[in-house]
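See below for the structure under consideration.
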Ligand SMILES: Cc1ncc(COP(=O)(O)O)c(C=O)c1O
């Protein structure tokens, strides 16, 4: 299918957006003089300019122009209790008031408690903390390569493991010259990286088997997200999870679950607890950090031992590793989620289900074909994630990143770019086609999302003829 040209539609939305956000527009002009593209995280830099946020509470953020925006991005899926949840914010305020929080550079008891919770809720034997998901996946990769003495890293097309060398292959679907995920995504990488990363297909056990038959003796690890995030918001199938465990074991490679999104998203712990498959290593960040920069590698004691004295893997964590304020937020968040697990997760799953249905219905009511992924499957009963896709044909199932991220199968510009700006006109913020529901969202917020999508669809529909 030929890709649609959305230039006119985008221009008309952008014009209205600029009119209603003069402060954010003006700050952006300033920003462009000192920050690359006006900011420091590519996907936050909505074009023509992002809303500049001044405060946030629960499901809402307020921007410089006074818009109260219903947020489904929630800190890159971090803020499962909503923005600035009192449980965490008050604990931090109390700590700062008593002289605790910014004394980076020591160790304390907090990190012991945080590690205990993480071990008990993930099945890991040892934990080491660091400060970003990218670092966690990089360290997990180093550990695997050192433990096995092998070179190759296997990942799935569409899998995002952050900006670290072995993660920067096979992230975006490319249509120039070839139609696949088999590309490096950044200039400046060591040339060996392109040969060291093998890309396989998500939820395709047969291809995984074939890739291991071909490369198995050289593969150090297979890393993937049990719930694919930016690659299309898709859960791993029971069959794929089982095959990943069995095949890696058979070939002497380590299995790494990147749980940066899925950890503490579906239950108060790793999603592997629900899926019933234990990886050798797992990476965590986002929710478990309570809104602060916390990440961890957690897993088998014999593998993690390589990060310790004499182990030879330079997993030093970094200056901000186990930052005391961050560890406090992390411990408070994890304790809260464990204590309130039975109330929080079933409600989130029900709201997520409702959000996905309402969004599909809103577009259908205006004659636009839309599919919302993000729901669970036979291995995962419920989910609070959602991403809308606009397939060109009725029979597209939207079940793989090869479909959801291929601009000739789904209208990727419509879901990623046009929809985001159109919903901003309705004071709703989404990313990658939507985002996630937090515990701070209400039934009314979900109804508001539906109404906003209906209005956005009305604006979009005439341009799709
Ligand atoms: C699955 C996954 N892994 C790793 C990362 C990288 O984490 P960070 O942005 O904290 O470096 C992300 C970030 O979105 C992610 O979604």
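A short reminder: the numbers here are calculations on the coordinates, not readings from a lab. A quick note: this is a predicted structure, and the numbers were derived from the prediction, not measured. Cβ atoms come from the backbone with ideal geometry, glycine included; neighbour counts cover every protein chain shown.
Over the range 65-214, the fraction of Cα-Cα pairs per 10 Å bin, rounded to whole percents and listed from the shortest bin up, is 9, 24, 30, 22, 13, 2, 0.
Is the shape of the range 1-87 rounded, prolate or oblate, going by the alpha carbon gyration tensor and its root eigenvalues a ≥ b ≥ c, with a/c under 1.5 for rounded and a/b larger than b/c for prolate? Verdict is prolate for the range 1-87. Rg ratio for the range 288-409: its Cα radius of gyration over 2.2 N^0.38 Å, N being its residue count, equals 1.51. Can you pull the Kirkwood radius for the range 258-349, inverse mean 1/r over Cα pairs, to one decimal in Å? Hydrodynamic radius (Kirkwood, Cα only) of the range 258-349 equals 14.2 Å. Annotation for residue 179 and residue 116: the two label points, set 7 Å from Cα along the Cα-Cβ direction, are 5.6 nm apart.
Judged by the ratio a/c of the largest to the smallest principal axis of the C-alpha gyration tensor, the range 165-225 counts as oblate, that ratio being 1.5 or greater while a/b is no larger than b/c. Ordered by the number of other Cβ atoms lying within 10 Å of each residue's own Cβ, fewest first, 5, 71 fall into the sequence 5, 71.
Determine the percent antiparallel among the DSSP beta bridges restricted to the chain, to the nearest 5.
Of those bridges, close to 65 percent are antiparallel.
Fully extending the segment from residue 103 to residue 273, taken as 0.36 nm per residue of separation minus the present Cα-Cα distance, adds 57.7 nm. The protection proxy used here, the mean number of other Cβ atoms lying within 10 Å of each residue, ranks peptides 179-187, 50-58, 120-128 as follows, highest first: 120-128, 50-58, 179-187. A simple spin-label model places the labels of residue 397 and residue 64 4.7 nm from each other, with each point 7 Å out along Cα-to-Cβ.
With a cut-off of 19 Å, note down the residues of the range 226-243 whose backbone N falls inside the zone around a label point 7 Å from the Cα of residue 357 toward its beta carbon. The answer is none. Reported to the nearest whole Å, the Cα centre-to-centre distance from the range 1-39 to the range 278-294 is 33. Taking the Kirkwood radius as Rh and the Cα radius of gyration as Rg, the range 203-275 has a ratio of Rg/Rh equal to 0.98.
Taking a ≥ b ≥ c as the square roots of the Cα gyration tensor eigenvalues, with a/c under 1.5 meaning rounded and otherwise prolate when a/b beats b/c, else oblate, which class fits the range 168-291?
Values: a/c = 1.70, a/b = 1.25, b/c = 1.36.
Here the range 168-291 falls in the oblate category.
Normalised by the number of residues in the range 25-173, the mean separation of alpha-carbon contacts (under 8 Å, six or more apart) gives a relative contact order of 10 percent. In terms of packing, defined here as the mean over residues of other Cβ atoms within 10 angstrom, the peptides 30-37, 403-410 line up highest first as 403-410, 30-37.
If you wrap the Cα atoms of the chain in a convex hull and average its projected area over all directions, you get 21.8 nm². Normalising by residue count, the range 212-252 has a Cα convex hull of 77 Å³ per residue.
Among 233-243, 383-393, sorting by the average number of other beta carbon atoms lying within 10 angstrom of each residue, highest first, gives 383-393, 233-243. Of all DSSP beta bridges confined to the range 224-343, the antiparallel ones make up roughly 60%. Given R0 = 35 Å, the distance between the Cβ atoms of residue 443 and residue 15 translates into a calculated FRET efficiency of 0.55.
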